[in-house]
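Participant: Okay, here's the structure, questions in a sec.
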Amino acid sequence: MATLELRNVNKTYGSGLPDTLKNIEIAIDSGEFLILVGPSGCGKSTLMNCIAGLEDISGGAILVEGQDISGMSPKDRDIAMVFQSYALYPTMTVRDNIAFGLKIRKMAPADIDTEVARVAKLLQIEHLLARKPGQLSGGQQQRVAMGRALARRPKIYLFDEPLSNLDAKLRVEMRTEIKLMHQRLKTTTVYVTHDQIEAMTLGDKVAVMKDGIIQQFGTPQQIYNDPANLFVASFIGSPPMNFIPLRLQRRDGQLWALLDSGQARCELPLGAMEEGLESREVILGIRPEQIGIAQGGDGSLPSIRAEVQVTEPTGPDTLVFVELNQTKVCCRLAPDAAPQVGASLELQFEPSKVLLFDAQSGERLGLLGAARPQERAAKVAQLKGR
């Protein structure tokens with residue numbers, strides 16, 4: 001196990017070209033599972049290759065256990081990598097594929113046999129050791145690729161989109177296997193994916209990337225509940241967060257958000273907030289599961305009546321779509337609570353769950369919501385200190 005720290009890491013492919021990686025700052029503790037997540041072309045695989053030593057960095061430093069490894073060759077970094085394409089040797093058996101790296105390191109044959117048996121048992125592939133890759137399914141090949149990395153017992157494991165070639169059912173199964181494996185081995189792991197479900201379920205820490213920049217770094221819960229900007233809020237979550245454009249109104253010392261369904265209007269009280277927000281175009285964000293059906297006689301939360309336009313049953317819940325401020329809005333409801341298309345539905349909102357973003361920059365705005373007075377004061381102080 002080892003700590004991993006990236007200090008102001010930059011990567012460019014030539015003079016005059018834009019930076020592929022820009023001032024990357026990440027630090028994880030020994031044994032943590034780091035997810036690098038983002039859309040295609042965001043730089044996550046490039047960053048993975050830089051950690052492995054397959055790409056040189058243009059600036060900054062990569063440290064393992066406090067030692068700068070930026071100038072080391074890949075073989076000297078004690079890092080094992082599992083590729084998206086599996087990269088197995090087709091003419092070798094599973095046993096020989098797993099043992100290959102150990103033979104290169106001139107481990108004693110008896111020790112190699114012991115290590116291969118250990119890894120095969122861990123991954124439940126003992127019965128496959130005599131087969132060749134062409135005789136294996138995609139999931140089995142992925143296990144062998146993982147086994148080859150596990151046999152080295154490195155300081156750090158790197159996984160580059162290892163499940164993207166598998167079907168949906170097998171991805172879920174392998175995701176669970178990878179998590180169980182990490183819980184058993186407790187080895188520091190960096191995992192690249194474009195799948196936000198994998199990011200939320202696997203990672204101890206998540207770094208959301210866009211255009212070579214870390215948009216936010218934190219725990220999955222922090223990323224989900226407290227997104228730093230519009231991009232993070234839209235990328236993390238399935239179904240994605242609702243975004244409703246509007247303008248704010250200031251009245252009685254606090255700001256209000258006006259929602260209009262075409263059938264009715266609703267004002268959401270947003271509490272004390274940054275000054276001047278009422279003069280800016282903003283986007284209100286709220287997740288589908290945070291919009292509920294108003295209970296009869298319960299007037300404690302603001303509500304609005306809207307017409308159901310589309311329903312999408314998913315089994316455990318039903319996605320119901322309405323229109324607010326001329327924008328499609330998704331509500332995640334229990335199956336037995338979902339109405340028919342064309343019906344009117346009384347929806348209620350919890351103002352403390354509402355997020356606000358600047359419509360131009362996409363940056364998160366200083367929403368205080370229903371916080372207690374002392375929490376509001378602390379938030380105001382934090383905002384002024386930015």
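FYI, it's all coordinate maths here, none of it is from the lab. Please read these numbers as outputs of a predicted model, since none were measured by experiment. We place every Cβ from the backbone using ideal geometry, glycine too, and count neighbours over all the protein chains shown.
Participant: Starting from the Cα of residue 23, step 7 Å along the direction of its Cβ; do the same at residue 84; then give the gap between the two resulting points in nm.
Facilitator: With each label placed 7 Å out from Cα toward Cβ, I get 2.9 nm.
Participant: Shifting gears a bit: To the nearest 10 degrees, how steep is helix 138-150 against the longest Cα principal axis of the chain, on a 0 to 90 scale?
Facilitator: Result, in degrees: 70.
Participant: Run down the lysines and flag those whose C-alpha is under 22 Å from the C-alpha of residue 328, throwing out any fewer than 8 positions away in its chain.
Facilitator: Output for residue 328: 353.
Participant: Within the set of other residues whose C-beta is less than 11 Å from the C-beta of residue 8, count the net charge using Lys and Arg as +1 and Asp and Glu as -1.
Facilitator: 0
Participant: Take residue 15, project a point 7 Å from its Cα along the Cβ direction, then tell me which residues of segment 54-81 have their backbone nitrogen under 17 Å from it.
Facilitator: Within reach of a label on residue 15: 58-59.
Participant: At R0 = 51 Å, how high is the FRET efficiency between residue 180 and residue 279 if r is their beta carbon distance? Nearest 0.05 is fine.
Facilitator: It comes out at approximately 0.45.
Participant: Where the only charges are on Cβ atoms (+1 Lys, Arg; -1 Asp, Glu), what is the dipole of the chain about its Cα centre, to the nearest 20 debye?
Facilitator: That gives a dipole near 1060 debye.
Participant: Please give the length that would be gained between residue 75 and residue 314 if that part of the chain were fully extended, namely 0.36 nm times their separation in residues minus their C-alpha to C-alpha distance (nm, one decimal).
Facilitator: That works out to 81.3 nm of additional length.
Participant: Next up: Using 0.36 nm times the number of residues separating residue 124 and residue 92, minus their current alpha carbon distance, what extension gain do you get?
Facilitator: Gain on stretching residue 124 to residue 92: 9.6 nm.
Participant: Report, in degrees rounded to the nearest 10, the 0 to 90 angle that the Cα long axis of helix 373-384 makes with the longest principal axis of the chain.
Facilitator: Once rounded, one gets 70 degrees.
Participant: In addition: Once fully extended, how much extra length lies between residue 104 and residue 168, figured as 0.36 nm per residue of separation less the alpha-carbon to alpha-carbon distance?
Facilitator: Stretched out fully, the residue 104 to residue 168 stretch lengthens by 19.5 nm.
Participant: From the Cα trace of the chain, what convex hull volume per residue do you get, rounded to a whole Å³?
Facilitator: 182 Å³
Participant: If you average the C-alpha positions of segment 26-82 and of segment 224-252 separately, how far apart do those two centres end up, in angstrom?
Facilitator: Result: 32 Å between the Cα centres.
Participant: Can you put 81, 1, 200 in order of Cβ neighbours within 10 angstrom, beginning with the fewest?
Facilitator: Starting with the residue having the fewest Cβ neighbours, the order is 1, 200, 81.
Participant: Can you give me the relative contact order of the chain as a percent, contacts being Cα pairs under 8 Å and 6 or more apart?
Facilitator: Relative contact order comes out at 15 percent.
Participant: Separation between the residue 201 and residue 221 pseudo-spin-labels, each 7 Å from Cα along Cα→Cβ, expressed in nm?
Facilitator: For residue 201 paired with residue 221, the spin-label model returns 2.0 nm.
Participant: Measure out, as a whole number of angstrom, how far apart the alpha-carbon centroids of segment 158-206 and segment 261-332 sit.
Facilitator: Spelled out, the Cα-based centre of one part sits 34 Å from the other.
Participant: Checking the cross-link filter: which lysines have an alpha carbon closer than 18 Å to that of residue 179, excluding same-chain neighbours under 8 positions apart?
Facilitator: Here the lysines satisfying the reach criterion relative to residue 179 are 121, 155, 169, 205.
Participant: So, one more: Can you pull the one-decimal nm distance between simple spin-label points at residue 325 and residue 300, each 7 Å off the Cα toward Cβ?
Facilitator: For the pair residue 325/residue 300, the computed spacing is 2.6 nm.
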